[in-house]
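Okay, so here's the structure we're looking at.
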Amino acid sequence: MNFEIPTKIITEKGCVRLHADVFANAGKKALLVTGRNSAVKTGAQSDVLLALAQCNIPYCIFNEIEENPSVETIEKASKFGLAEQADFVIGIGGGSPLDASKAIALMMAHPTRGTEILYSKDFLKELAPGTPLNLPVYAIPTTAGTGSEATPYSILTLHEEKTKRSISHRIFPVVALIDPTYLTEAPLTVLRNTAVDAFGHLVESYFNTKSTHYNRMLIEYALKLWGAGASELASIDPSYAEKPDAEEPSKNPLKKLFSRFAEKEPVVKAKGIISLSSQCAEKLSLASTLAGMAISHTGTSLPHGLSYSLTYEQGIPHGDAIGIFQVPYLRYIPEQDKVTSFLAFAGLESLNDLENLLIRLIAPATVMQTDVDRYVDSMLSNAAKLANCPYSVDKERLTAFYTENMLIKVEN
Ligand code: NAP
Ligand code: FE
């Protein structure tokens, strides 16, 4: 049994400006890797620029990372970073820019090689002794879901294979700077589906063949935080979030349902955007990073494996695609008493309770039976994810993950 997170974790309001010195010896020029809008909107990018200015470090910005980033985008960004002579990478955003920054840092460290190195298990053997695998990566998350700031994983879209897959190399960020205030004005749908992703990491790591005392310890603590944060998110009426002048959330009947968890009223700011309480943002953010540390040691299992086809082919966001399969995954765990105590950490009494919570957090999906057959076959060929599952599955059982599921409708 061993446990190691090489990433230095700094979690604090205003931490990027307060700990600007972490960049002092990072390198000669920074490549900032972001999506189109959120790095700027959250203020995270301007915090980074101030910190770099304080350390007299020049920078360049690649802001074209799409959701579920593709290998093609990684190639484009790394060529840009090399042309700019950047020698370290700062990822700012949700899991997509953070995962992208790891793969870009790998590509930039080997300028004569192509994208085949991303998925080459033998590449490490080809490296001359002492050659670093990647440029240093700094991670600044603006979502609380993937935990990518504390994981070695980088999941990319492979258009050739019409799916998503983690690259073959483990790349931990050197430093993660986690400021929960970046979450406080995010769209409700993003907050919800990313929170569900973090829950998926907690479930799939806890009930994993590689699970140990260490990851379970992190998870049991994280679940308490997550349960409180998720109930606040669930208590917000989406129609209210869409209409700034609608009635207050306190008059919303859903609020009553989750009143045993709820802490503070969220305030609606603009269409689809809510202002989350800082306590809730802190809880979700910490739970997400702890969940990232947990999966760093176990990996994920069936729900993540099943989610990739739904995201690639149906365009379902990562967190929603994960959430759909949590209840079936837990239903087949042989020791149901352990499932009950696991759920209790999050303040949930039963799988039914969990299902009701998920129904409020994510959007239901519809798929065709013929697609289900293909997705099940693809899952059955994913040896790594199957090996992490504590029970065996066959075609019939995996099909039931879709057909006996309140969150997905199968059509003929
Ligand atoms: P994301 O794809 O990074 O971002 C989703 C959307 O949310 C984007 O439109 C983004 O805008 C926006 N956004 C991000 N932060 C925001 C904020 N604070 N306020 C307003 N909008 C914000 O979402 P994600 O769920 O965090 O990441 C999903 C990716 O992570 C998937 O590719 C998944 O496979 C991967 N993942 C990785 C790990 C790991 O261990 N490495 C684990 C699980 C999942 P912009 O485009 O403008 O930034
Ligand atoms: Fe995930």
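Treating the beta-carbon of each Lys and Arg as +1 and of each Asp and Glu as -1, no other charges, what is the dipole magnitude of segment 1-150 about its Cα centre, to the nearest 20 debye? Can you show the working numbers first?
Working: 13 positive and 16 negative charges, 54 e Å.
The calculated dipole for segment 1-150 is roughly 260 debye.
Rank-order 186-192, 22-28 by packing density, defined as the average count of other C-beta atoms within 10 Å over each peptide's residues, highest first. Could you put the intermediate results ahead of the total?
On the way: 186-192: 22.0, 22-28: 15.6.
Those peptides, ordered most packed to least, come out 186-192, 22-28.
Which residues in segment 303-327 have a backbone N closer than 16 Å to a point placed 7 Å from the Cα of E161 along the Cα-to-Cβ line?
304-313
Considering only segment 20-169, what is the antiparallel percent among its DSSP beta bridges, to the nearest 5?
Roughly 20 percent of the DSSP beta bridges within segment 20-169 come out antiparallel.
Whole Å is fine, so just give me how far the alpha carbon centre of segment 333-402 lies from that of segment 32-60.
39 Å
Please give the contour-minus-distance gain from R374 to H213: 0.36 nm per residue of separation, less the Cα-Cα distance, rounded to one decimal in nm. Don't skip to the end; give the middle numbers.
Values: separation 161, 0.36 × 161 = 57.96 nm, distance 3.65 nm.
Using 0.36 nm per residue and subtracting the Cα-Cα distance, I get 54.3 nm.
If you take every DSSP beta bridge fully contained in the chain, what fraction is antiparallel? Give it as a percent rounded to 5. Numbers along the way, then the final one.
Details: 8 of 33 bridges.
DSSP beta bridges in the chain are roughly 25 percent antiparallel.
For Y391 and E411, what does the FRET efficiency come to when R0 = 25 Å and r is the distance between their Cβ atoms, rounded to the nearest 0.05? Provide the component values of the computation, followed by the final result.
Values: r = 28 Å, r/R0 = 1.13.
Once rounded, the FRET efficiency stands at 0.30.
Looking at segment 1-53 from every direction and averaging, what is the projected area of its Cα convex hull in nm²? Kindly include the intermediate steps, with their values, before the conclusion.
Values: hull surface 21.2 nm².
The directionally averaged projection comes out at 5.3 nm².
So, with +1 on the Cβ of K and R and -1 on the Cβ of D and E, and no other charges, what is the size of the charge dipole of the chain about its Cα centre, to the nearest 20 debye?
Values: 38 positive and 46 negative charges, 115 e Å.
Roughly 560 debye for the chain.
So what's segment 155-240 giving for Cα Rg divided by 2.2 N^0.38 Å, two decimals? Provide the component values of the computation, followed by the final result.
Details: Rg = 16.1 Å, N = 86, 2.2 N^0.38 = 12.0 Å.
In units of the globular-protein estimate, segment 155-240 measures up at 1.35.
Viscosity 1.306 mPa s, temperature 10 °C: Stokes-Einstein D of the chain from its Kirkwood Cα radius, in µm² per second? Write out the running numbers ahead of the final one.
Values: Rh = 21.6 Å.
Here the translational diffusion coefficient equals 73 µm²/s.
At a Förster radius of 51 Å, what calculated FRET efficiency corresponds to the Cβ-Cβ distance of K79 and Q279, to the nearest 0.05?
The formula returns an efficiency of 0.75 here.
How do the peptides 94-106, 274-286, 301-313 rank, highest first, by the average count of neighbouring beta carbon atoms within 10 Å per residue? Display every interim value, and only then the final one.
Numbers: 94-106: 29.9, 274-286: 21.4, 301-313: 22.9.
Highest mean packing first, the order is 94-106, 301-313, 274-286.
Describe numerically, in nm with one decimal, the distance between label points set 7 Å from Cα along Cα→Cβ at K13 and at L49.
Once both label points are built, they end up 2.4 nm from each other.
Please give the Cα centre distance for segment 277-300 versus segment 135-201, rounded to the nearest Å.
11 Å
Please compute, for the alpha-carbon atoms of segment 93-177, the extent along each of the three principal axes and give them in descending order in Å.
Taking the Cα atoms of segment 93-177, the three principal extents are 37, 33, 17 Å.
A short reminder: the numbers here are calculations on the coordinates, not readings from a lab. As the structure is a computational prediction, the values presented were derived from the model and not from experiment. So basically every Cβ, Gly included, is an ideal-geometry build from the backbone, and we count neighbours across all protein chains shown.
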